[in-house]
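Heads up: the structure comes next, in structure tokens.
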Amino acid sequence: MLSTRCCSHAWYASNPGFTGFTGFTSAFSAWATWAAWALVCQWGSLNVVVLASDSPDSPDSPRISRGVWCPPLPSTRPANCSRQSSQVGQGTAVRSLYDEVAETMAPLSDLLELGEVEDHMLNAYLGLTEFLQNMQHLICFMDFKDNCYENSEYMEVVQYFCHHLDNICHDLGLCKPEMNICGSLLLDAGVDLGRVIQQIRAGVLEQVQMHLGRNRYSMVQLFEDQTSQFLWASLGISGYLWASLGFGDLWGIFGVLLNDVPLSASKFIDRKNECLPRSPVRILGLNGSLQILSQEERPLFTRHRILETMSSSNLSGLQSYVVNLGASEMAGCLDSASCLIQRGWSGIMLECNYQHSQNLRETYAHRKDVQIINQCLAPESWVSAAISAVWNFERVLPPTSSPFPMFLKIDVDNGDCDFLKAWLSAGYRPLFVEMELIHAFVPPEIQVNFPYIDVGQADFNKARASDVMSKGCSLGQVLSILGDGYSLLSWSYDKDINAQFVLDTWAKEHKIFVVPHSEISSFWHRAVSFREVWDDHNWHGMDLPLNFLLSDSSLAEKQTALNVAYEIVLQRSQ
């Protein structure tokens, strides 16, 4: 719990006119100085910082909400409990409000975890994080208001978060004295809330450019800010947010308009920086703890760590191959396999989509050592296709007696673990393996695997078009297929999670710092990120409080809750 009550009067006495990020840099700096001073009231050290816990058993939770999860546990909720944002023509306001807040949380997450900043700025980011986390709690209860909780219980929880958000907003100097976030929504205070979120985002984006040295979000920012101003100023959130809280019903008026306004996730990054390994200096976990990483630990959370590991390698010939299954190259999400190939490693790139394959052919037209395979392959046929491509160029088949390929990446969003199992079953053991983990929030003690869907070549993309949460597999499933001969090389800190593994014998021989197979489970409990809560696929797809999976509940209870949640996902995707 980030409390600033003990110092707020001194702040207002010295800054009577401050109402938010009106001057961006100067205002943010002044506010950060105050926030750092305020936090001294509670903390004397930044080695371990704990924000308000997501757990309903936290002493910081409202009395009535202790033992109440949001989303409500799917295995115990009433049968007629319904989620507004999943209903056609309903819930669009809640969904848009979530997207608006999540868009602000995305760059703030990078500031928290990547920025080498002074303590007073870190404290400032923590204050904003708590504000947005509490906003996320409120949005969740708004989304699940219909028949999911006892009425009195629901109202008490909502009133608590309204009051708590008001306190934080005023304590941090973000809200004007007369502003009441929830209590006066009927008087159009929602417009002010929209401005507060925009001001936070504007200040955060400026901090991203100052401290991270890149313009990660600029490609969509102007459009989003203009969209936000239209939404908040023209509609406010006064009526439709109030309705979602349970005090009215104005959904039908704004539903179509809000559905047509895309508030897309900001996952863009400069093309020239896509292949630069990125390491966090701290991690904010799903459990609410901010962990300062040592220099030794940081590589374990590095995206593209393989590029650092192999930068001085002298592997050649068959030992140097990269096999990239799901090889489309799109701005903002260039994977490690493509980065390796761009740096000169030989590659087999398999891509189902015709246009993506054509783009790859144009990119690598000058590289005879890069083979492009444009086929929609099934697990039982893909290995022979890849091995045949190697023979076509090398005129020799790779032996199974030594690691092959050097790097295997699988990301097809359709039976990923089935493709991994097929490769290993053919007798080949990659030196490195990368798997995208859609279900990274699932404890490794529980295995989740959605099998490959054989829909035919022409309809392959239909298998990927339905709910992404009914695709892919979890860390536990990957570990069971790889076996104890592989260690964890890296767990990328951001979303989407890309986990890289390495043969344990090779890692030991080359003195590479890794997480041994036997310790990966305990590592996960520390590494699983609070970004999972803000991921749009998780939020819109999983009716499950992800922090429940870190609770003291039994493994059987967690398995049951996951089973029911995935049943809901499958029903929606039909």
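The values are calculated or read from the model by the stated rules, or taken from the named source; none is laboratory data. Here the structure is a predicted model, which means the values were calculated and not measured. Please note: Cβ atoms are built from the backbone with ideal geometry, for glycine as well, and neighbour counts cover all protein chains shown. Keep in mind that these areas ignore ligands, DNA and RNA; they rest on the heavy atoms of the full protein, side chains included. Shrake-Rupley method; radii C 1.70, N 1.55, O 1.52, S 1.80 Å.
Miscellaneous remarks
- Taken along the Cα-to-beta-carbon direction at a fixed 7 Å, the label points for GLN355 and GLU206 span 3.9 nm.
- C-alpha center-to-center spacing [the range 534-554, the range 472-505] in angstrom: 21 Å
- Approximating the spin labels as points 7 Å out from Cα along Cα→Cβ, the SER388-to-THR505 distance works out to 3.1 nm.
- Among the trypsin sites (Lys or Arg not before Pro) found in the range 308-409, those both in a DSSP coil and sparsely packed, with 14 or fewer other Cβ atoms within 10 Å of their Cβ, are ARG343, ARG367, LYS368, ARG395.
- Across the accessible surface of the range 289-426, with the other protein chains kept in place and a 1.4 Å probe, carbon and sulfur atoms take up 48 percent.
- Computed extension gain for LEU397 through ALA426, at 0.36 nm per residue and net of the alpha carbon distance, reaches 9.1 nm.
- Stretchable slack from LYS176 to LEU570, in nm (0.36 nm times residue separation minus alpha-carbon distance): 137.3 nm
- Radius of gyration, Dmax [the range 528-574; alpha carbons; angstrom]: 11.2, 34
- Long-range amide H partners of TYR486 with built H, under 5 Å: ASP504
- Surface per residue (accessible, 1.4 Å probe) for the range 476-531, Å²: 36 Å²
- Applying 1/(1 + (r/R0)^6) with R0 = 35 Å to the Cβ-Cβ distance of ARG343 and ASP119 gives a FRET efficiency near 0.40.
- Annotation for the range 83-175: GluC sites (Glu not before Pro) lying in DSSP loop with at most 14 further Cβ atoms inside 10 Å of their Cβ are GLU116, GLU118, GLU150.
- The length gained by stretching the chain between GLU362 and SER381 to full extension, at 0.36 nm per residue less their Cα-Cα distance, is 4.2 nm.
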